[in-house]
Structure formats: C-alpha cells, structure tokens
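The values are calculated or read from the model by the stated rules, or taken from the named source; none is laboratory data. For clarity, every value in this text was computed on a predicted model and none was experimentally measured. A quick note on method: Cβ atoms are made from the backbone with ideal geometry, for glycine too, and the neighbour counts reach across all protein chains shown.
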C-alpha cells in the first residue's frame with residue numbers, strides 16, 4: 001500500500017494498490033487500509049460499503065461496486081469522514097433524553113427541530129444539539145453523525161441515535177429488515193369507517209415538485225402502512241399507524257392518498273392551508289379555536305422498540321403526546337364524549 005496524495009483534515013485519501021493487494025475485493029482492501037488512519041480506527045466493512053454505495057470511492061476515477069477485484073497499480077480515491085462533519089458546530093439546544101448508555105441515545109424530539117443539516121440549514125438541528133451533548137457519535141455518515149433514522153421537522157416523538165459505528169450498523173440493519181416496533185398517532189381529517197386496515201401504495205419522488213413524495217411517481221418503492229382507528233369525532237379520526245417500511249414522508253403521503261390527510265399538514269393536506277377546510281360544522285367552538293392555531297402536522301412517534309445493539313435485549317421506549325396535540329385530543333374527548341369513545 002502506498003499513500004500517494006494525502007489531503008488535509010483527514011477528509012480524503014488516494015491509495016495505490018500494491019502487488020500484494022492485487023485481486024482483493026475493494027471493500028475488504030479499504031477496510032484494512034483505513035484501520036490504520038486516526039481518528040478512524042474501528043471503521044468497519046459496512047461503513048466502507050456505505051461510502052462505496054454513496055459514490056465516495058473511485059477506482060481509476062470510476063465508480064465501481066464493493067466486490068470489484070483490484071489490480072496492481074489501481075488508484076483508489078476515497079472521501080473519509082473527519083472527527084465531525086465540516087461546518088457543523090455544537091449548539092446548546094435542549095434535548096429531551098429518554099434513555100442513554102454507552103451505545104445509544106433515545107430522544108423525545110420536539111416539533112420544529114430538523115434532524116440534520118441540509119440544503120439551506122446548517123444550524124439549529126438535532127445533530128448540532130448532539131454534538132454539544134457528546135463527542136461519542138457514529139461517523140458512518142459524517143454529515144449526519146449518530147443519525148440512523150429520521151422524523152420530519154414538525155413530527156414529534158421517539159428517535160434513537162447511535163453513539164458508535166457498531167451500534168449504527170446494528171440499528172440500521174433492524175430498520176432495513178423491519179424488525180423494529182414503530183407506532184405513531186395522528187389526528188386526521190375525515191372519518192375512517194373501518195376499525196383497521198392496510199395502505200399498500202408505492203412511494204417515489206414527485207415528478208414536478210421534487211421535494212414532495214407521491215404514490216403516483218414514475219419511479220417508486222414499495223410502501224406499506226398498517227392503521228387502526230382509536231377514536232372518532234365529528235369530521236376527525238385519531239388513528240394509530242404502524243409503518244412496515246420506511247419511505248420518506250410515508251405516513252403523511254399514505255394518509256393523503258386515501259383522502260384522510262393529517263391535520264395541519266401543509267404539504268400533503270390538499271389545496272390551501274386552511275386547517276379547518278373540510279371539518280364538520282358540528283365541532284364545538286373551543287375545538288375550532290384550537291384548530292385554527294395548528295401550525296404543524298399532528299403526527300407523533302409514540303413508541304419505538306429495538307433490540308439493544310450491544311446486548312441484543314429488546315427495549316421499548318414511549319413518548320406522551322406533546323402539549324399541542326394532546327390538548328386538542330383532550331378537548332375532543334371532553335366535548336365529543338359519545339363520538340369520541342374508543343373503537344378498540
């Protein structure tokens with residue numbers, strides 16, 4: 001192995017394949033050579049494959065697969081994570097920590113908090129808060145340290161963070177294989193007549209509005225959501241949602257597709273942003289006043305169950321409804337007692 005051109009800040013490296021390494025798989029080769037680079041000791045083969053899949057690794061200036069057989073003299077360039085993502089700074093943002101140990105942090109995420117920096121947003125995110133809380137976060141994705149899964153900015157509830165790469169890989173595998181337990185609550189427009197059901201509609205990026213997802217996209221992936229009606233009110237239903245897949249905006253898109261959008265959803269709630277559009281006129285005045293003040297989708301990740309990445313023990317974490325959503329549900333139960341009886 002020869003390092004022919006080191007870059008500053010431990011962000012990129014170029015390796016020349018020696019005769020001894022000829023015929024090795026690309027991912028195995030990189031996993032071995034990266035092990036010696038500080039601060040990346042412990043950087044695993046799965047983390048290497050993640051870099052390859054994301055186009056961060058080139059062989060002779062071409063993107064190849066993880067199983068590519070190297071040849072003597074091949075030039076392998078790889079963009080590596082530093083100790084923290086460039087430009088992302090720790091910020092003293094309050095974290096609702098449900099649980100923490102050496103391997104994971106379980107967060108009760110508040111509304112209005114983006115999970116990680118993105119286009120036009122470099123600060124004020126969960127990642128900024130996490131960097132302020134601890135230096136121990138996985139770096140498999142250097143731009144999103146610790147982040148294994150996401151909740152939309154205005155969705156509240158339980159989210160798990162990985163404190164090391166081994167935990168990240170274990171959790172990512174559980175989400176990919178759909179072995180986690182996830183239960184959400186949403187207040188939706190309209191009445192779900194059945195007590196439970198399944199929405200099985202593929203989801204892909206919308207052709208004209210690229211920031212939106214759609215069940216009518218040309219290129220889409222399978223998406224399945226199980227639902228259960230918990231309470232019915234005039235023109236509203238409180239529903240429990242159990243996603244079997246994890247597509248972007250899945251729950252909001254699926255509910256919109258069956259004409260039962262989440263209350264307050266300004267992206268998938270239909271034409272116009274009036275939170276009262278389509279609601280029953282039988283709603284009591286106090287509730288109407290509350291609904292007028294809704295500024296976000298009333299969607300809450302109430303329960304998350306995982307196998308602990310180090311012990312393998314199943315653990316389940318829950319979060320109560322946030323004040324805005326919980327207050328509306330409480331009023332609905334008080335004012336609409338007959339129609340608000342539990343359905344199950």
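Observations on the model:
- Picking from residues in the range 38-56 that are in a loop (DSSP other than H, G, I, E, B) and within 18 Å of residue 136 (Cα to Cα), the one that is modelled with the lowest pLDDT is 38.
- The sole residue among 110, 143 that is out of contact with any helix residue (DSSP H, G or I) (no Cβ under 6 Å at 6 or more places or on another chain) and more than 30 Å from residue 325 (Cα to Cα) is 143.
Residue-by-condition table, conditions (1) in a loop (DSSP other than H, G, I, E, B); (2) over 30 Å from residue 15 (Cα atoms):
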{"site": "58", "(1), (2)": "no, no"}
{"site": "66", "(1), (2)": "yes, no"}
{"site": "108", "(1), (2)": "no, yes"}
{"site": "111", "(1), (2)": "yes, yes"}
{"site": "115", "(1), (2)": "yes, yes"}
{"site": "128", "(1), (2)": "no, yes"}
{"site": "131", "(1), (2)": "no, yes"}
{"site": "136", "(1), (2)": "yes, no"}
{"site": "145", "(1), (2)": "yes, no"}
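- Annotation: of all residues in the range 134-152 being more than 10 Å from the chain's Cα centre (by Cα) and surrounded by fewer than 19 Cβ atoms within 10 Å (Cβ to Cβ), the one that is farthest from residue 101 (Cα to Cα) is 143.
- Search result, residues across the range 149-191 that are part of a loop (DSSP other than H, G, I, E, B), within 23 Å of residue 117 (Cβ to Cβ) and in contact (Cβ under 8 Å) with a residue 60 or more places away in the chain: 149, 151, 152, 154, 155, 163, 164
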